[in-house]
Amino acid sequence: MFVRDLIDLNQLSLDELDDVVDMACRISSHPTHYSSACRDKLMATLFYEPSTRTQMSFQSAMLRLGGKIIGFDNPNGTSVAKGESLKDTVMVLSGYTDIITIRNPLEGAAFAASLYSQVPVINAGDGGHLHPTQTLTDIVTLRNVLGRTENLVIGMCGDLKNGRTVHSLCKTMCRYGGNSFVFISTEELGMPQYIKDIITRSGCKYTEVRTIEEAMPYLDVLYMTRIQRERFDSFEEYKAQEGIYVLDEAKMKLGRPELCVLHPLPRVDEIAYEVDDDPRAYYFKQTLYGMYARMALIIRLTSDSEKFIPKVPKPTHDFTCHNPKCITQFEKYLPHLTVETPDGPVCAYCEH
């Protein structure tokens, strides 16, 4: 049985994940064959923070499947501005729709929403935590461009501390055999330890370097990310990291002929415009594959048209998450839940 919600791509077995990827590849070859797959279905897109590609990719995906959309892209124009809780918003809108897509700057918000929804919930990004459909996009792109998701040397550059895209990608790609990672960042923006621990437990390897140049000759994939101003506590902290990593033509000359350069977008200044003309730059094609990936996911999650009654679990024990960006710090009614990991219990919402 396929999952009810998609909060983390690791909820799927590799067989289930590959099934979605295969469907996305089929859709990309014959998109019109799926033009009525979600006829009479309605999607709610709840975007609590700005988005262009993710929001419009979901909307385009649903419309191309024959479905319809409602939702918001600015909570200030909704009852959220009056103090409405996430729970109440989700309970109301899940009664109107067949599937909900949510992006929220608070970590664990998508999981919290799923506790109160009558319909499937898709995590479209929760703060600096996860972005599973971007990872699905990345995997579909790699399958189409390189023909494989195994035995790759994957470089990740930029804000690895706050980058939910690289966190999700690491968690998924270390499930495939033979992959290794090169983390390119400043010390302040390095990959969180819990992600490195997941990689180590999987049997994959990682190295950490400070410059693009020293990593470039060894990479099959270079995943660039922007320095995310909105994730910093102060403008001064952001300015200290701004512009440190820029991929330009000179650095591209150090890369392999078969290198695949990806970026979740938007970019600021971390990829020079001259790189756009390099045949190894796939970040615009990546956005198109993202629409097909989301079409496949929507089809799978809406295949069961029955609504379900939410069953909110009881608190596991007297646990309080101390992550200041966790959804539980703001939505106080949420049950305090943990999950067990090899390193002990962590918050079920944000994994801290």
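Annotation: extensible slack from Asp278 through Val3 equals 95.1 nm (criterion: 0.36 nm per residue apart, minus Cα-Cα distance).
Label-to-label distance, Glu306 versus Asp88, with points set 7 angstrom from Cα along the beta-carbon direction: 3.2 nm. On the basis of the beta-carbon distance and an R0 of 30 Å, Lys253 and Asn151 show a calculated FRET efficiency of 0.75. Amide H contacts of Lys41 (H built 1.01 Å from N, in plane; Pro and chain starts excluded): Lys68 sit under 5 Å, all sequence-distant by 5 or more or on other chains.
In this structure, Thr200 and Glu49 have a Cβ-Cβ separation that, at R0 = 45 Å, corresponds to a calculated FRET efficiency of about 0.90. Database remark: amide H of Leu247 closer than 5 angstrom to the amide H of Ile271, Ala272 (H placed geometrically; neighbours at sequence offset of 5 or more, or on other chains; Pro and chain starts carry no H). Give me the tail of P(r) for the range 255-310 as a percent: Cα-Cα pairs with distance above 16 Å. Every Cα pair in the range 255-310 considered, those over 16 Å come to 59 percent. Between Glu214 and Asp269, residue separation times 0.36 nm minus the direct Cα-Cα distance comes to 17.8 nm.
Accessible area per residue for the chain, computed on protein heavy atoms with a 1.4 Å probe, is 44 Å².
With every protein chain in place and a 1.4 angstrom probe, the accessible-area ranking of Lys87, Lys311, largest first, reads Lys311, Lys87.
Amide H contacts under 5 Å for Thr341: Val346, restricted to partners 5 or more places along the chain or on a different chain, H placed in the peptide plane at 1.01 Å from N. For the listed residue pairs Lys161/Lys285; Lys41/Lys311; Lys161/Lys251; Lys41/Lys68; Lys87/Lys171; Lys161/Lys196, the alpha carbons are over 18 angstrom apart in Lys161/Lys285; Lys41/Lys311; Lys161/Lys251; Lys87/Lys171. Rounded to whole numbers, the Karplus 3J(HN,Hα) couplings from phi for the range 331-341 are 10, 5, 6, 5, x, 7, 10, 10, 10, 7, 10 Hz, using 6.51 cos²θ - 1.76 cosθ + 1.60 with θ = phi - 60°, and x at Gly and Pro. Prolate is the label for the range 1-149, because the ratio a/c of its alpha-carbon gyration tensor axes (a ≥ b ≥ c) is 1.5 or higher and a/b is greater than b/c.
The separation of the range 240-293 from the range 306-328, counted between C-alpha centres, amounts to 38 Å. Ranking Arg267, Arg4, Arg39 from most to least accessible surface, computed with a 1.4 Å probe over the protein chains only, gives Arg39, Arg4, Arg267.
Here the accessible area is traced with a 1.4 Å probe on the protein chains. For the chain, carbon and sulfur cover 51 percent of it. Highest mean first, the peptides 272-282, 251-261 sorted by other C-beta atoms within 10 Å per residue fall in the order 251-261, 272-282. Computed over neighbours whose Cβ is under 10 Å from that of Asp278, the net charge equals -2, Lys and Arg +1, Asp and Glu -1. The range 1-55 and the range 60-118 have Cα centres spaced 16 Å apart. Per-residue ellipticity at 222 nm from helix content only, as computed over the chain with -39500 (n - 2.57) for each DSSP H run of at least four residues, stands at -9500 deg cm²/dmol. Screening the chain for whole DSSP H helices with an alpha carbon extent of at least 20 angstrom along the helix axis and a mean Kyte-Doolittle hydropathy of at least -1.0 yields 14-29, 283-301. A simple spin-label model places the labels of Glu187 and Cys25 4.4 nm from each other, with each point 7 Å out along Cα-to-Cβ. Which option, [x] 18.7; [y] 21.3; [z] 17.2, is the value of mean projected area of the Cα convex hull in nm² that was calculated from these coordinates? It is the value labelled [z].
The values are calculated or read from the model by the stated rules, or taken from the named source; none is laboratory data. What you are looking at is a predicted structure, and each value in this text was computed from that prediction instead of being measured. Don't worry about glycine lacking a Cβ; one is built from the backbone with ideal geometry, like all the others, and counts go over all protein chains shown. Surface accessibility is based on the protein's heavy atoms, side chains included, excluding ligands, DNA and RNA. Shrake-Rupley method; radii C 1.70, N 1.55, O 1.52, S 1.80 Å.
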